[in-house]
């Protein structure tokens, strides 16, 4: 990103970069860089990835239906997605400065709430699927 703004009256397409397959390739690179930033710069993301490294294989090997397996894996992936979005919100807020601002606090708290809800959804999904499948016999 160059930090430039589009010329007056322009739509900014000139600043978007490449088109076609080159644009797709660049987007993949940016996404990988974002994952790298999340892994090395965000403790919560790293902890959730480590948890996912156990839960996703467990979901694959558990004797559950295909739909239940998808629900288990998707709920874990959703936590990672929401954590990345929360980190993006925090980075954008922190770019403006570290002084306490009520709107900045609200944005960060809302992002954190989204992560909490995703974690609760994932935990509830796992509990419901395991309870349904094993009837509390684990």
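Scan region 99-138 for residues that are loosely packed, with under 13 Cβ neighbours inside 10 Å, at pLDDT below 95 and in a helix (DSSP H, G or I) and report the count.
5
Regarding region 32-39, can at least one residue be identified that is more than 21 Å from the chain's Cα centre (by Cα), more than 13 Å from residue 126 (Cα to Cα) and in a helix (DSSP H, G or I)?
No, that holds for no residue.
Return the residue satisfying two criteria in turn: it lies in region 49-73 and is part of a helix (DSSP H, G or I) and touching a residue at least 40 places away in the same chain (Cβ under 8 Å), and of such residues it is farthest from residue 133 (Cα to Cα).
Checked region 49-73; the qualifying residue farthest from residue 133 (Cα to Cα) is 55.
The values are calculated or read from the model by the stated rules, or taken from the named source; none is laboratory data. Values in this document were obtained by computation on a predicted structure and should not be read as measured data. Cβ coordinates were reconstructed from backbone atoms using ideal geometry, including for glycine residues, and neighbour counts include every protein chain displayed.
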